Amino acid sequence: MAWLYLLCAIAVEVCATTSPKMSDGFSDWRFSLLSLTLYGVSFWLLSLTLRVIPVSTAYTIWSGLGVGLAAIVGILFLRSRSAR
């Protein structure tokens, strides 16, 4: 069950990371509030994970997959490109 919590925490964190882009620089309060709420849910799910999985393992997977998936979502759906 801990691994399922970890995967859900990663998915929620990716959604939370993409929400500020849709908030137009935090000018749309709905997406700003959504982002803060989703980060809270993600950390809560991560804390459930840490009851079983060691911190070093869980955090490495959570942060690594979160960054990678957020980059993929940004490129595919938000038309983000790297700065040159």
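The values are calculated or read from the model by the stated rules, or taken from the named source; none is laboratory data. Predicted model, so just to flag it, every value in this text is computed and none were measured. In this analysis, Cβ positions are derived from the backbone assuming ideal geometry, glycine residues included, and neighbour counts consider all displayed protein chains. When the accessible area is computed, the model is the full protein with side chains, heavy atoms only, and any ligands, DNA or RNA have been set aside. Shrake-Rupley method; radii C 1.70, N 1.55, O 1.52, S 1.80 Å.
Quick check on Ser32: is it in contact with a Phe, Trp or Tyr (Cβ under 6 Å, 6 or more places away or on another chain) and open to solvent by less than 50 Å² (accessible area, probe 1.4 Å)? Walk me through it before giving the result.
Numbers: in contact with a Phe, Trp or Tyr (Cβ under 6 Å, 6 or more places away or on another chain): yes; open to solvent by less than 50 Å² (accessible area, probe 1.4 Å): yes.
Criteria met by Ser32.
Just a yes or no: is a residue in the range 8-24 out of contact with any Asp or Glu (no Cβ under 6 Å at 6 or more places or on another chain), open to solvent by 30 Å² or more (accessible area, probe 1.4 Å), farther than 21 Å from Ser63 by Cβ and not polar (S, T, N, Q)?
Yes - at least one qualifying residue is present in the range 8-24.
Mind checking which pairs have a first residue in the range 57-77 that is in contact (Cβ under 8 Å) with a residue 24 or more places away in the chain and closer than 13 Å to Ser42 by Cβ and a second that is part of a helix (DSSP H, G or I) and of a type in the set (S, T, N, Q), Cβ under 6 Å, 6 or more apart or different chains?
Close Cβ pairs (under 6 Å, with a partner that is part of a helix (DSSP H, G or I) and of a type in the set (S, T, N, Q)) amount to Ala58/Thr49; Ala70/Thr17.
Restricting the range 43-84 to residues that are aromatic (Phe, Trp, Tyr) and within 13 Å of Val14 (Cβ to Cβ), which is farthest from the chain's Cα centre (by Cα)? Can you show your working first?
Restricting attention to the range 43-84, the residues satisfying the condition of being aromatic (Phe, Trp, Tyr) are 43-44, 59, 62, 77.
The next check asks that each one be within 13 Å of Val14 (Cβ to Cβ); those that pass are 62, 77.
Numbers: Trp62: 9, Phe77: 15 Å.
So the residue we want is Phe77.
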